[in-house]
1. Would you point out the residue of the stretch 55-80, among those that are open to solvent by 70 Å² or more (accessible area, probe 1.4 Å) and over 17 Å from the mean Cα position of the chain (by Cα), that is modelled with the highest pLDDT?
2. Being in a loop (DSSP other than H, G, I, E, B) and surrounded by 12 or more Cβ atoms within 10 Å (Cβ to Cβ) narrows it down to one of Asp105, Asp119, Asp83, so name that one.
3. All but one of (1) out of contact with any strand residue (DSSP E or B) (no Cβ under 7 Å at 6 or more places or on another chain); (2) open to solvent by 80 Å² or more (accessible area, probe 1.4 Å) hold for Trp93, so report the exception by its number.
Amino acid sequence: MLRVVGKQHAQRALAATRQMSNSSSTSTAVTEVVHPAHQREPLPAEVISGAPASLTKRTVRIYRPSNNPMQSGRNANLKWRLDFDALEKGSRWENPLMGWQSTADPMSPVRLDFTSKEDAIHFAEKQGWSHYVQEPQFRVIKPKSYKNNFVYRPGKIPMVHTK
């Protein structure tokens, strides 16, 4: 059985099977060559990217952003967001001209959106970033009705003060 993905891997697998068949003609060998993109384990991108260790050894937060309070739609909170935690000790300072907060962290404005939590976790693991997940807190809406203001309830009559 030979499972091959990609032209270069096919050539390598063919050469490997020829060497194995020449060395022992009586045994049957099972060779499986899998392209690195199709591996189950995520290949760390820090090996390939060449980015400095200060960018690859970061902690990221994966969360579901809250709804905009000015909008009533719920479609905006179907995505998961990944953003970087702030760096410690001296990464922020006050700008003397305007008094604004300044930072030397190039990754602070970066936000990545994903369709599922699993995609965001897989991406963070592949980049070599440690991560933590903040689960969303959903609001519980109690059903209310205007007619319940006038329903008879036995017992003491509630006193309503208007002034």
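The values are calculated or read from the model by the stated rules, or taken from the named source; none is laboratory data. Predicted model, so just to flag it, every value in this text is computed and none were measured. Methodologically, a virtual Cβ is constructed for each residue, glycine included, from the backbone with ideal geometry; neighbour enumeration extends over all protein chains shown. The area values use the complete protein model at the heavy-atom level, side chains included, leaving out ligands, DNA and RNA. Shrake-Rupley method; radii C 1.70, N 1.55, O 1.52, S 1.80 Å.
1. For the stretch 55-80, the residue satisfying everything is Met70.
2. It is Asp105.
3. (1)
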